There are 2 protein chains.
Amino acid sequence: MTTARPELKIDGLIAELLALGQISEAEPPVVTRVVFGEADLRARAFVKSLCEASGLKVREDAVGNTFARWEGSEPALAPIGTGSHIDAIPNAGLYDGCVGVLGGLEAIRVLGKLGFKPRRSIELVIFTAEEPTRFGIGCLGSRMMAGLLTPEQALALRDKEGRGLEGWRAQAGFKGPLNSVAASRGRFHQFVELHIEQGPLLEQEGTDVGLVTHIAAPASQRITIEGEGGHAGGKLMPGRKDALTAAAELILAVESAAKSTGAVDTVGTVGICDVFPGAVNSVPSRVLITTDVRDIDGARRDGVLASLASAYDEISARRGVKITTELVNADPPATCDPAIVSALERSAIAAGKTYRKMVARAYHDSSFVAFIAPVAMLFIPCRGGVSHRPDEYASPEWIGGGVHVLSRTLAELAS
Amino acid sequence: MTTARPELKIDGLIAELLALGQISEAEPPVVTRVVFGEADLRARAFVKSLCEASGLKVREDAVGNTFARWEGSEPALAPIGTGSHIDAIPNAGLYDGCVGVLGGLEAIRVLGKLGFKPRRSIELVIFTAEEPTRFGIGCLGSRMMAGLLTPEQALALRDKEGRGLEGWRAQAGFKGPLNSVAASRGRFHQFVELHIEQGPLLEQEGTDVGLVTHIAAPASQRITIEGEGGHAGGKLMPGRKDALTAAAELILAVESAAKSTGAVDTVGTVGICDVFPGAVNSVPSRVLITTDVRDIDGARRDGVLASLASAYDEISARRGVKITTELVNADPPATCDPAIVSALERSAIAAGKTYRKMVARAYHDSSFVAFIAPVAMLFIPCRGGVSHRPDEYASPEWIGGGVHVLSRTLAELAS
């Protein structure tokens with residue numbers, strides 16, 4: 001593992017990625033694979049068969065998290081973990097998640113071909129339902145593994161038709177007590193996830209890989225603003241309690257609160273704004289908005305939320321509207337382990353790849369694995385920063401660079 | 001016509017209103033009568049039968065405007081007009097429009113019973129499609145009568161299924177060239193419309209009737225704001241072109257522009273706000289809003305629109321979003337004829353009714369009749385200012401007061 005700049009031949013990996021993309025509920029190249037749906041199950045079978053063909057031993061837990069293990073020479077030691085997810089939101093693309101799973105497998109195969117013998121076992125993980133499509137909650141598998149979603153909470157989850165996790169996992173063939181999913185600290189010695197950036201930075205800079213130092217996480221709220229409706233002609237301005245003008249102030253408050261920290265890592269977004277009754281000549285009586293506030297610094301994010309709560313109170317009092325907030329989630333930001341980041345850095349240098357340290361602004365399974373193990377993430381560029389769309393794209397060179405750095409890192413960590 | 005305070009017996013009228021309310025596409029008491037639909041046609045037949053039973057001569061024009069005429073002793077003179085509409089938006093109530101039609105008929109019957117002989121003929125008018133439900137444009141019949149919607153424009157109208165006016169009116173049995181609908185100035189000597197207030201003022205004050213001096217009218221725009229979407233985590237605040245935060249500024253600009261005139265009669269409303277793609281973790285790329293700006297003073301209203309255009313330009317330039325405005329309509333406010341308002345005032349005094357002068361903030365068929373004849377409107381209270389809802393309500397006393405004042409007014413105008 002000492003020669004610089006040996007470019008990997010990854011034709012096989014690219015072919016596997018394309019083949020995985022053919023397994024979709026939608027017409028390829030559009031990828032839709034909702035957890036426990038028919039395409040998700042076929043995709044799982046495909047990836048398992050690749051793992052088994054590579055000599056890995058595959059095990060599944062009660063919620064479908066899948067572990068493909070390359071046994072080390074000291075199998076009693078906690079393993080090194082790598083991996084991601086293969087479920088995909090509706091109308092997604094080929095690379096999100098899948099690069100981390102199939103790229104992780106490729107890294108393991110590369111090491112095997114080079115004659116590397118791991119001391120610690122290496123486990124490739126395919127997490128169940130990183131995407132929130134089916135049950136409305138992201139990172140289902142890793143969240144349960146980290147013990148942050150209890151079996152009771154998991155069993156209470158429902159899809160849009162009211163069908164629960166229990167029925168879905170049974171149909172998918174996953175059995176056993178859900179309380180066996182949670183793992184304790186030490187389940188992995190270290191964990192590293194390869195992923196496309198989902199942002200434009202690496203491509204814009206022409207940098208080969210990103211070494212993630214922090215993973216941001218969102219706090220999301222659903223906010224209902226209740227005012228007083230009426231005819232747009234009949235309701236005079238002084239007497240109005242217009243739910244939409246109040247909502248407009250909330251929307252701008254989210255923007256300025258996010259900007260006010262002065263930190264580039266704070267972002268705040270209102271992505272949904274539903275207006276009732278929603279007629280050109282009706283004063284809106286009720287508006288529903290959602291807010292999404294993210295930061296890599298949990299305390300700073302919570303500070304933004306607190307200042308927004310005050311702003312909402314002021315708007316409510318001044319405009320005479322009722323504002324109800326419901327916290328949908330407030331997932332924790334994660335800090336990556338400096339030792340793994342250093343290993344990634346050494347590997348990038350050894351592989352002759354340009355790199356930069358950066359933060360992950362979307363959250364990932366690693367955000368939850370971080371509760372039971374030291375984690376880090378390795379980013380590769382994606383074209384235009386686009387993800388979650390059919391035109392999502394990472395070039396074979398970018399993927400090859402990531403796999404190269406990952407394989408060196410796994411070798412170092414597992415030695 | 002000289003005795004003050006003779007309370008009218010209007011049990012028959014109330015029974016007719018209730019009977020008309022039974023003719024609905026929805027389950028009574030919910031009233032839905034979309035123009036040229038089955039319920040609208042049955043309602044027309046019912047009202048025509050009442051008119052004919054009262055000795056009026058009924059005629060329909062090519063678009064279904066219906067004229068029930070009480071011939072005067074000098075039939076060559078231009079008639080006095082009264083009336084309103086009987087179509088109803090989905091989920092409406094019993095009184096909007098119908099009080100003006102059946103109340104107008106009752107006023108005529110009252111005069112007949114009193115032995116009054118009109119010099120000028122009196123025509124009760126039922127206008128086609130005051131509500132915009134079917135074809136997206138309000139006051140279809142009166143608008144065409146005023147020549148403000150040409151036959152070509154009318155033929156280009158389409159319902160949601162793409163079906164045009166021509167097919168609908170043929171199915172409803174209305175024939176003849178559409179260019180025969182427009183009437184010239186002098187078609188009516190004077191026109192007066194009885195209507196529920198659709199606002200809370202009269203009920204709150206305990207005033208019997210409102211004498212309308214001005215009829216406000218809306219200018220409506222559809223505004224598209226196009227920015228740049230992206231992931232709520234990945235898109236940093238400084239680089240954003242968020243269509244929704246820009247829309248929020250537009251929404252607040254409409255509010256403050258309406259307030260800035262200092263006139264209570266200026267109102268501005270954003271009633272629709274559609275966000276794309278509309279996901280909690282997506283920066284909105286496109287937002288559609290509608291604006292509705294009304295005033296009784298057309299120049300002042302246009303001033304508000306002009307100042308808003310500047311505000312939109314400023315927001316567009318500062319935020320780097322594209323703002324496209326489309327004028328949906330800019331109907332003219334109407335000023336009521338002082339001579340008719342004076343006649344209404346004398347009639348209210350003679351009838352022993354309390355009254356106030358006021359403006360109409362919703363627009364009405366009279367807004368368009370005003371282009372071909374002097375008009376005025378007579379308002380009665382409605383409970384809670386509520387209209388366009390199943391719980392819309394005007395008490396028999398309120399209705400009786402309106403009919404009483406209207407009958408005296410018609411008698412004076414037709415003498």
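The values are calculated or read from the model by the stated rules, or taken from the named source; none is laboratory data. Since the structure is predicted, the reported quantities are computational estimates derived from the model, not experimental observations. Neighbour counts run over all protein chains shown; Cβ positions are idealised from the backbone, glycine included. Accessible surface areas use protein heavy atoms only, side chains included; no ligands, DNA or RNA. Shrake-Rupley method; radii C 1.70, N 1.55, O 1.52, S 1.80 Å.
Values for this structure:
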item: Surface accessible to a 1.4 Å probe, B:Trp398 within the full protein complex, Å²; result: 60 Å²
item: Per-pair calculated FRET efficiency, R0 = 51 Å: B:Glu228 and B:Thr354 via Cβ, rounded to 0.05; result: 0.30
item: Long-range HN-HN contacts of A:Lys241 with modeled amide H, under 5 Å; result: A:Glu228
item: Cβ-placed point charges (K, R +1; D, E -1), dipole of chain B about Cα centre in debye, nearest 20; result: 500 debye
item: Within-15-Å neighbourhood charge of A:Gly55 [Cβ basis; K, R +1; D, E -1]; result: +3
item: For A:Ala360, distant residues with modelled amide H under 5 Å away; result: A:Thr213, A:His214, A:Ile215, A:Ala216
item: For segment A:72-153: rounded, prolate or oblate by the Cα gyration tensor [a/c cutoff 1.5]; result: oblate
item: Cα gyration tensor category, rounded, prolate or oblate, for segment A:282-321 with a/c compared to 1.5; result: oblate
item: FRET efficiency, B:Ser184 to B:Ser395 (Cβ-Cβ, R0 51 Å, nearest 0.05); result: 0.80
item: Charged-residue dipole, Cβ positions (Lys, Arg, Asp, Glu), the protein assembly as shown about Cα centre, Debye nearest 20; result: 0 debye
item: In sequence order, calculated HN-Hα J values of segment A:326-331 (Karplus, 6.51, -1.76, 1.60; Hz; x Gly/Pro); result: 10, 6, 7, 7, 8, 5
item: Selection from B:Phe379, B:Leu413, B:Ile126, by position along the positive dipole direction of chain B (Cβ); result: B:Leu413
item: Inter-label distance for B:Gln22 and A:Ala339, nm, one decimal - labels placed 7 Å from Cα along Cα-to-Cβ; result: 8.6 nm
item: Radius 11 Å from Cβ of A:Cys382, net charge of other residues (Lys, Arg +1; Asp, Glu -1); result: -3
item: Electrostatic dipole magnitude of segment B:217-330 [Cβ: Lys, Arg +1; Asp, Glu -1; Cα centre; debye, to 20]; result: 340 debye
item: Length-normalised contact order of segment A:217-330 in % [C-alpha pairs under 8 Å, at least 6 apart]; result: 44 percent
item: Cα-projected label distance for A:Ser415 with B:Ala306, points at 7 Å along beta-carbon direction, nm; result: 7.8 nm
item: Mean projected area in nm² (Cα convex hull; one quarter of hull surface) for chain B; result: 21.0 nm²
item: Rg/Rh for segment A:300-415, where both radii come from Cα atoms and Rh is the Kirkwood radius; result: 1.15
item: The protein assembly as shown, Cα convex hull volume normalised per residue, Å³; result: 167 Å³
item: Heavy atoms of B:Glu71 accessible to a 1.4 Å probe, total area in Å² rounded to 10; result: 90 Å²
item: Lys pairs, chain B - Cα-Cα below 16 angstrom, 8 or more residues apart or on other chains; result: 5
item: Protein accessible area in the protein assembly as shown, 1.4 Å probe - carbon and sulfur %; result: 53 percent
item: Between helix B:298-319 and chain B: long-axis angle, C-alpha atoms, 0 to 90°, nearest 10; result: 20 degrees
item: J(HN,Hα) series, segment A:334-350, from Karplus relation 6.51 cos²θ - 1.76 cosθ + 1.60, nearest Hz, glycine and proline x; result: 10, 9, 6, 6, x, 5, 5, 4, 5, 5, 4, 5, 4, 5, 4, 4, 4
item: Net lengthening on full extension, A:Asn91/A:Ala156 (0.36 nm per residue, minus Cα-Cα); result: 20.7 nm
item: Cα-based helix-to-principal-axis angle, B:11-21 vs chain B, degrees rounded to 10; result: 40 degrees
item: In sequence order, calculated HN-Hα J values of segment B:209-223 (Karplus, 6.51, -1.76, 1.60; Hz; x Gly/Pro); result: 9, x, 9, 7, 9, 9, 10, 6, 8, x, 10, 10, 10, 9, 10
item: Amide H partners (placed H, <5 Å) of A:Cys139, local residues excluded; result: A:Glu130, A:Glu131
item: Nearest-10 value in Å² for the accessible area of A:Met358, using the 1.4 Å probe; result: 10 Å²
item: Cα gyration tensor shape of segment B:1-102, rounded if a/c is under 1.5, else prolate or oblate by comparing a/b with b/c; result: oblate
item: Mean projected area (nm²) of the alpha-carbon convex hull when segment A:103-190 is viewed from all directions; result: 7.2 nm²
item: Rel. contact order, % - alpha carbon contacts under 8 angstrom, at least six apart, chain A; result: 24 percent
item: Taking the C-alpha atoms of segment A:161-204, convex hull volume expressed per residue in Å³; result: 183 Å³
item: Buried solvent-accessible surface, both chains (A, B), 1.4 Å probe, Å² to nearest 100; result: 3600 Å²
item: Per-peptide average of other Cβ atoms within 10 Å, ordering A:404-410, B:156-162, B:388-394 highest first; result: A:404-410, B:388-394, B:156-162
item: Once the Cα gyration tensor of segment B:217-330 is diagonalised, semi-axes √(5λ) in Å; result: 29, 13, 11
